[in-house]
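Computed from the coordinates by the stated procedures, all read-outs in this text should not be read as laboratory data. All values reported here derive from a predicted model rather than from experimental measurement. Virtual Cβ from ideal backbone geometry, glycine too; neighbours counted across all protein chains shown.
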Amino acid sequence: MDPKEFCIRGKQMVDYIVDYRESLDKHRKVFPEVKPGYLRPLLPDAAPEEAESFEDVMSDMERVIMPGTTHWTSPHFHAYFPSAFSYPSLLAEMIITAINSIGFSWASCPAATELEIVMLDWLGKALQLPVEFLSGSGGGGGGVIQRTASDATLMSMLSARHKTLTKLGREQPNQVDGKHLSKLVAYMSDQAHSSVERAAIIEAVRVRKLPSDEKFSMRGVELEKAIKQDKENGLIPFYLCATLGTTSSCAFDNILELGPICQREGIWMHIDAAYAGSAFICPEFRPLLNGVEVRIGQVDKLLLEHHSWNFADSFDFNAHKWMGATFDCSPMWVKSRKDIVNSLKVEPPYLKHIHSESDIITDYRHWQISLGRKFSSLKLWFVLRLFGIKKMQELILSDVAMAREFEEFVRKDERFEVTNEVKLGLVCFALKGSNELNRHLLEAVNREGKIHITPTELRSKYTLRFVICWGNTRESVRFAWEYISSKATALLSSPSE
Ligand code: PLP
């Protein structure tokens, strides 16, 4: 096909995409019925020697791909945490792909780097992040778009590791290589995402899981205990990952307690707000972030005791979960750009640019693991401009209202119990009964692909998670509850089902 032919196909593709989006509710099951290995037999053994027609490829979209696709933005999807979809982000993705720059340094695409710096300041202000995180404030902080929250955790731990080892190397220059590294210990709660553990594996440091309290929140008293014990054993605490909005139950670690301890001990505090971070754009939910920045009057005692109010060294959330940016887009801020850049700075001659030593230049390759990076700031630019902050706030408030409505449905049905404190868009619930019973309920609910939910375990209790996602409506939430309720009735009247 020549390029002109592709332009016509492009318009057809736009129609296909719009049809897909608009008919998701009516024509497609949210969860596919296929079995593992379904796809290979549907395709030839090797790629074609000659070009095939566009029509053939598109008909295989329906024959091969769609039957095995989970539709994450269907109104009936309530699993995991959401994957945001918005037309502004989709449109931005089209331009991003058309430009297809790989902006690893300022010089490789100045607009990509500079827009990213400004967008992270826009977003930081919208979330009311501490001013130290904003590069426009003239301090040492700044923001970067990571691909995922896992990448941000990895990078923050790496920065903390480098900072601590450099300091120890200066203080005790005669230690044998690796001695300090072998003593480092990081902290996470027993509710933190597995990406923290994985970061520790990659970075060859030990990690300790602290028991959370009855609300699944990590508390200062447990951190104090662990630090004391670890120091007595000759270990060096260097990093803590606090979660705002845990994956299992959307619980919030107590950063007002944890932050001052980290500050006193010189421990890097990273905030993983992968899901909940978007909600801080609403003034109603901003208090959940206190401790990243303590507000005057709220915690006077803390203010008197601690000279700095921003206890976090880094902060990350997934704009692709709940802020309208399509996957992937995980904005991260650090209090000190130097800490992140120094931990990964390698300057091969083929990437050296005449300006790269200048202070005003940001080369984002130093802020992440891989070299190549997308022009993702365009997605934020489109989303923030085409929605505006007010609309984003309305969307989040309306999602939380839907979650509250679902919570009410569950609470009114005495066969069920709500198993988390519902603060945002996640309701954890279970039938009063055994884990086995609830496993059966989940199977029954997901079997026909009409709605899709996923489970977790809270203190060994098998629990169903119902998440409000981009694209859910009040009708789809009501439908989901009636469906779940009818499956429960069937199950309870014939438990062997
Ligand atoms: N942290 C939390 C609290 C999460 O809920 C998740 C995923 O849902 C992650 C990290 C991992 O996210 P990502 O896929 O962006 O690495």
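Residues of segment 177-206 that are within 16 Å of the ligand (Cβ to nearest atom), of a type in the set (A, V, I, L, M) and assigned to a loop (DSSP other than H, G, I, E, B): Ala192 alone. Here Ser101 clears all of (1) touching a Gly at 6+ places or on another chain (Cβ under 8 Å); (2) surrounded by fewer than 19 Cβ atoms within 10 Å (Cβ to Cβ); (3) of a type in the set (Gly, Ala, Ser) except the condition numbered (1). Identify all residues within segment 371-386 that are under 21 Å from the mean Cα position of the chain (by Cα) and surrounded by 15 or more Cβ atoms within 10 Å (Cβ to Cβ); write none if there are none. Arg373, Lys374, Phe375, Ser376, Ser377, Leu378, Lys379, Leu380, Trp381, Phe382, Val383, Leu384 - these are the residues of segment 371-386 that are under 21 Å from the mean Cα position of the chain (by Cα) and surrounded by 15 or more Cβ atoms within 10 Å (Cβ to Cβ).
Filter segment 129-172 down to the residues that are aliphatic (A, V, I, L, M) and within 16 Å of the ligand (Cβ to nearest atom) and list them by number. Before you say what the answer is, go through the steps one by one.
Looking only at segment 129-172, we keep the residues that are aliphatic (A, V, I, L, M), and these are 129, 131, 134, 144-145, 149, 152, 154-155, 157-158, 160, 165, 168.
Result: Val144, Ile145, Ala149, Ala152, Leu154, Met155, Met157, Leu158.
Inside segment 33-59, can you point out the residues that are within 35 Å of the chain's Cα centre (by Cα) and polar (S, T, N, Q)? Hit for segment 33-59 is Ser59, nothing else.
Taking residues in segment 266-282 that are acidic (Asp, Glu), and partners anywhere that are more than 10 Å from the ligand (Cβ to nearest atom) and part of a strand (DSSP E or B), the pairs with Cβ atoms closer than 8 Å and at least 6 places apart or on different chains are Asp272/Ala242.
Give the residues of segment 86-123 that are closer than 16 Å to Arg385 by Cα, small (Gly, Ala, Ser) and part of a helix (DSSP H, G or I), sorted by residue number. Of everything in segment 86-123, those that are closer than 16 Å to Arg385 by Cα, small (Gly, Ala, Ser) and part of a helix (DSSP H, G or I) turn out to be Ser89, Ala92. Might you check whether a residue that is of a type in the set (S, T, N, Q) and free of Cβ contacts under 8 Å to residues at least 60 places away in the same chain occurs anywhere in segment 319-328? Checked segment 319-328: no residue is of a type in the set (S, T, N, Q) and free of Cβ contacts under 8 Å to residues at least 60 places away in the same chain. Return the total of residues in segment 327-344 being away from the ligand (no atom under 11 Å from the Cβ), buried (at least 21 other Cβ atoms within 10 Å of the Cβ) and in a loop (DSSP other than H, G, I, E, B). Here the count works out to 1.
Scan segment 124-142 residue by residue and report those that are closer than 21 Å to Asp272 by Cα and not in a loop (DSSP other than H, G, I, E, B). Across segment 124-142, the qualifying residues are Gly124, Lys125, Ala126, Val131, Glu132, Phe133, Ser135, Gly142. Here the condition is being without any contact (Cβ under 8 Å) to a residue 24 or more places away in the chain and either buried (at least 16 other Cβ atoms within 10 Å of the Cβ) or among the aromatic types (Phe, Trp, Tyr) (or both); of Leu210, Leu244, Leu258, Leu240, it holds for Leu210 alone.
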